[in-house]
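Presented below is the structure to which this report refers.
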Amino acid sequence: MQFGVGLAVLLLLAGVLGSVRLASLPPDEHEVLVLRTVEEMAARGDWVVPYFNAAPRLNKPPMSYWATALVAAADDAATRVRPWHGRAVSLAAGLAMAVLAAFMARRLFGDAAHALAAAALTVTTAGWFSYTHDARPDMLYAFFCTAGFAAYVAARAGGGRLRTAPCLLMWACYGLATLTKGPQLPAMLLLASAVTQLRAGGGWRALGALCWLRGIALLVAIALPWWLLLQARLSAGVVEESQLAGTLLRPGFEHLFNGYYLYRPLQLLLPWLPVVPAAWLAAWVAARRDKRAAAGAAQDAADAPGAVALLTLAFAVPAMILSLGPQQRFFYMLPALVPMCVLAARGLVLLGRRRPRTVLGLLLAQGLVVAVAAGWVGWSGWTAGRTGDAGWLLVAALAGIGGARWMRSDRPARVFVVVIVLAAGTFAIAARQGLLWSDDRRHTYALGSALGDIVADAAPLYAYRLTPAVYVYASNRSIPRLADPPALQAALARAREPLWVLMETREAKAVATLGQLEPVHLMPVGAPDRSGLYRLSAPEKPPGEEK
């Protein structure tokens, strides 16, 4: 009963936290790729081939488009998709990940303390907060990957044996993940599970318990039909030359030893870095010291050391394999966020039971970090005239203290509750003030929204040497991109009227040599990558040449 109430309160807190500025935050250029693609798919009546800016977008599978379209349809807005439609998908995925964190922690370590700590850590990380406020497919992908991994945890029956139904559910979740962003992370988590099976004993029989034949058939049945339909709709060779064909999966060794994926994904765990490494170390030391986790046996599962190894593999295997890839993107590790938080929860609970003074010191240090961040956020709001935000931070602190006093637990657990609530409040107030996002997206979206009032629908509008993604979405029209002066000059020669050109202001001097250039609507001075809308006319001919 207490566990259910605690989890419900935590999910309510996470829902409120994830809803802050969900609808009012202007979309960035990555989000609009999803939002506008849904609009163009709806306009074409084609839910197989993703289109963006009137051209096939063959970068990602369609699951996030379909999910966003369902939210938009429920809002009766399928032809004009709002940013919150895409972000609602990410928020729902994030809340489900918190539930999965609680499930995995309780399944692996046997009690409510681990479960609530794991869920609380998950929903107060920068990775969770940032990507629940993002319409990109990353959070949905992380959810399906986490769900598949949680299904494997549920399937474990000891001695390398696996229950069939959860194991097949694992494959189904990985099939949905493949249909969301690709098979990369599912394959890595499967490898982690396979290594765990071999470590559990039983040899190849234990490895075979993963239901390979039925599982692969299930995954293929989920992901392959869309792929075949896509190829049938497009010309031969188009898909093979796209990102969907795996152009970003070609291995290399240029990043292998630089350690990027060993340290940079820790950014996802902010602000918990004072605590997490020490908690991981405590979990590893305890696992090595007692393979049966005899300390706290009434609360711990029988195979706690094996659980620690499994969680470690869940982020160590992706970190090593991603180091072989051509790209370095810390958020590629987002599907490993929950295993990292569950392992940290394990270490915190063990320290609380065995070394309460040590964990109390760690949590006080963590509380100091969060308090400094809260002070900065409160001061920023105060100087900007938002005195109420400083008051809300005080309310968050008092709510944390009140919740801690209500708990019948030891002092470290009470301090943990205070830090959790204050961290959540700090995230929320910082988001309200816009401190967590660059002003660039606001300026870009404002310029794009102004296009509809300035440029007629039939007028020639181009983007010169900049990515037009936000402008396409905000203006609700296609905008061709011109890459160099000859292309712009050719467009000007073909046009029977002046061109409308979107470009960075620093390009104006060079473009002015091609004709008569008039600035019409510019971003404010000081805006990052300052851009504007210009009107470009053909150069005036000398008086004698007109005759």
*Taking region 118-133, which residues are more than 22 Å from Thr312 (Cβ to Cβ) and open to solvent by 10 Å² or more (accessible area, probe 1.4 Å)?*
Ser130, Tyr131
*Can you spot a residue in region 463-471 that is open to solvent by less than 60 Å² (accessible area, probe 1.4 Å), of a type outside the set (Phe, Trp, Tyr) and closer than 30 Å to Ala373 by Cβ?*
yes
*Odd one out for Ala538 among (1) at pLDDT 95 or above; (2) closer than 18 Å to Leu482 by Cβ; (3) of a type in the set (A, V, I, L, M)*: (1)
*One residue from Pro519, Pro486 being under 17 Å from Ala450 (Cα atoms), without any contact (Cβ under 8 Å) to a residue 60 or more places away in the chain and surrounded by fewer than 13 Cβ atoms within 10 Å (Cβ to Cβ)*: Pro519
_If I filter region 436-453 for residues that are buried (at least 23 other Cβ atoms within 10 Å of the Cβ), modelled with pLDDT of 90 or more and out of contact with any Phe, Trp or Tyr (no Cβ under 8 Å at 6 or more places or on another chain), do I get at least one hit?_
no
*asked:* Tally up the residues in region 109-167 that are acidic (Asp, Glu) and more than 24 Å from Ser90 (Cα to Cα), please.
replied: 1
_Among the residues of region 114-125, are any over 22 Å from Val34 (Cα atoms) and over 23 Å from the mean Cα position of the chain (by Cα)?_
yes
*Determine, yes or no, whether Gly391 is in a helix (DSSP H, G or I) and surrounded by fewer than 17 Cβ atoms within 10 Å (Cβ to Cβ).*
yes
*Only one of these is more than 12 Å from the chain's Cα centre (by Cα), of a type in the set (Gly, Ala, Ser) and modelled with pLDDT of 95 or more: Gly110, Gly175. Name it.*
Gly175
_Residue count for region 7-22, restricted to those that are surrounded by fewer than 19 Cβ atoms within 10 Å (Cβ to Cβ) and among the small types (Gly, Ala, Ser)_ = 3
*Working only within region 58-68, note down all residues that are crowded, with 23+ Cβ neighbours inside 10 Å and not in a loop (DSSP other than H, G, I, E, B).*
Ser64, Tyr65, Thr68
*asked:* Of all residues being open to solvent by 30 Å² or more (accessible area, probe 1.4 Å) and among the hydroxyl-bearing types (Ser, Thr, Tyr) in region 23-57, which is modelled with the lowest pLDDT? Just the residue, please.
replied: Ser24
_Checking the structure you have, find out if any residue of region 149-164 is among the polar types (S, T, N, Q), within 30 Å of Gln328 (Cβ to Cβ) and out of contact with any helix residue (DSSP H, G or I) (no Cβ under 7 Å at 6 or more places or on another chain)._
no
*Hey, can you tell me all the residues within region 69-117 that are assigned to a helix (DSSP H, G or I), more than 26 Å from Ala157 (Cβ to Cβ) and open to solvent by 10 Å² or more (accessible area, probe 1.4 Å)?*
Ala69, Leu70, Val71, Ala73, Ala74, Pro83, Trp84, Ala88, Val89, Leu91, Ala92, Leu95
_Residue list for region 328-343, restricted to those being under 15 Å from Lys181 (Cα atoms) and open to solvent by 20 Å² or more (accessible area, probe 1.4 Å)_ = Arg329, Phe331, Tyr332
*Any chance region 153-164 includes a residue that's within 14 Å of Val338 (Cα to Cα), modelled with pLDDT of 95 or more and either among the β-branched types (Val, Ile, Thr) or in contact with a Leu (Cβ under 8 Å, 6 or more places away or on another chain) (or both)?*
yes
*asked:* I'd like the full set of residues that are closer than 30 Å to Arg288 by Cβ and in a loop (DSSP other than H, G, I, E, B), limited to region 346-388.
replied: Arg355
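The values are calculated or read from the model by the stated rules, or taken from the named source; none is laboratory data. Source: prediction; values computed, not measured. For neighbour counting, all protein chains shown are included, and Cβ atoms are generated from backbone atoms with ideal geometry for every residue, glycine included. Note: accessible area is taken over every heavy atom of the protein model, side chains too, but ligands, DNA and RNA are not part of it. Shrake-Rupley method; radii C 1.70, N 1.55, O 1.52, S 1.80 Å.
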